[in-house]
1. So which residues in segment 250-270 are of a type outside the set (A, V, I, L, M, F, W, C) and not in a helix (DSSP H, G or I)?
2. Being aromatic (Phe, Trp, Tyr), in contact with a helix residue (DSSP H, G or I) (Cβ under 8 Å, 6 or more places away or on another chain) and not in a helix (DSSP H, G or I) narrows it down to one residue among Tyr247, Tyr211; which is it?
3. Looking at segment 266-284, I want the residues that are polar (S, T, N, Q) and have a partner that is more than 10 Å from the ligand (Cβ to nearest atom) with Cβ atoms under 8 Å, at least 6 apart or on another chain. Which pairs are those?
4. Since Gly180 meets every condition but one in (1) more than 10 Å from the ligand (Cβ to nearest atom); (2) surrounded by fewer than 21 Cβ atoms within 10 Å (Cβ to Cβ); (3) of a type in the set (Gly, Ala, Ser), which condition does it not meet?
5. List the residue pairs whose Cβ atoms are under 6 Å apart, where the first residue sits in segment 167-182 and is in contact (Cβ under 8 Å) with a residue 24 or more places away in the chain, the second is of a type outside the set (Ser, Thr, Tyr) and within 9 Å of the ligand (Cβ to nearest atom), and the two are 6 or more positions apart or on different chains.
6. Quick one: is Tyr160 hydroxyl-bearing (Ser, Thr, Tyr), surrounded by fewer than 16 Cβ atoms within 10 Å (Cβ to Cβ) and in contact (Cβ under 8 Å) with a residue 40 or more places away in the chain?
7. Is it true that some residue in segment 72-81 is in a helix (DSSP H, G or I) and within 16 Å of the ligand (Cβ to nearest atom)?
8. Go through Thr256, Thr263, Thr301, Thr293 for me and flag whichever is among the β-branched types (Val, Ile, Thr) and closer than 20 Å to Gly139 by Cα.
Amino acid sequence: MKILVTGGAGYIGSICAAELLAAGHEVVVFDNLYQGHREAVPADAAFVEGDLRDSDAVVRLFQQHRGFDGIMHFASFTLVGESMQQPLKYLRDNLVAAANLLEHAVANGVGRFILSSTANLFDDPVIIPIDADERIVPGSPYGESKYFIERMLFWFERIYGLKYACLRYFNAAGGTPDRGEHHEPELHLIPIVLQVALGQREKVVIFGNDYPTKDGTCVRDYIHVLDLAQAHILALEALDRLGSRKYNLGNGNGFTNLEVVETARQVTGHPIPYEFGPRRPGDPAVLIASSETIRRELGWTPRFPDLEQIIGSAWEWHRRHPHGYRRQG
Ligand code: UDP
């Protein structure tokens, strides 16, 4: 299939693009390089630089590249904490971007759409592990923006027949030898912990130690980015057969923030000092996925379920690329 990957220069998008190519698909990456890195785009993918918020740029994209069989939509602002400070960056920009993309997708006959959604839809879960049928309570403007895009897709199916899958990931982590997590500024726990191990930071600040969890720190479900990529490809390939779907994606195992630090100590051999700070607004105490639906329907199963493997693969990339994608000198 010929697939448009928006945000394909970013962390998850670039790894999905590489895995799509490895599975024999054709890939066009569209990215504004605001957070993404040109170097992360696979050499075999076509690349178009542009911004989804700019409707003219989206028109040009679909004029330049015709006949897409599907879209994987990763391009987005993605930070829970930032969205609590700048809500319109999420409630306006993420939605305008998705609306422009969807408008031109259906106008150009694209029938399949995979959305990179989020566990931040589940701020107050009734049942943990959290299944795809759990009630939706967005935890932040970021989560709300993804929920709204899910609702846009609902109506685009009803009105235009677009088939879609929403993949709500829990905590994407890990890397491949060539691609990994590089944000500026870095705000995610695992890369920050590894920057401490590399000597680039003195310590990590753990946000909150008064949560109702076994050691007082938040619990998250880390999923290897290659397992996420696999899930995207399976979901895309099954859309015609199964119709639109919503899947939660995680390992089903939660680890506290202190357990992440401890595992990273073992993997890296570095003491990784930490201190406690205040809670970060928008952070739920516990996020653990039930991936039961995608396991049952698509036969998906994580190939890298262990936290040691996940942090180990991230460490491997960080050691090889201590400055990320940034050119040195
Ligand atoms: N976290 C932390 N210190 C940091 C960054 C993150 O304690 O410097 C915590 C954060 O509060 C959350 C967990 O680590 O409990 C995972 O956060 P991250 O930003 O990596 O992913 P998110 O869960 O927001 O998608």
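The values are calculated or read from the model by the stated rules, or taken from the named source; none is laboratory data. None of these values were measured; they are calculated from a predicted model. Neighbour counts are summed over all protein chains in view; Cβ atoms, including those assigned to glycine, are modelled from backbone coordinates with ideal geometry.
1. Listed by number, the residues that qualify are Gly250, Asn251, Gly252, Asn253, Gly254, Thr256, Gly269, His270.
2. Tyr247
3. Correct list of pairs: Gln266/Glu308; Thr268/Leu194; Thr268/Ala197; Thr268/Trp315.
4. The failed condition is (2).
5. Arg168/Ala119; Phe170/Ala119; Phe170/Leu287; Asn171/Arg220; Ala173/Ile190; Glu181/Pro191
6. yes
7. yes
8. Answer to the selection: Thr256.
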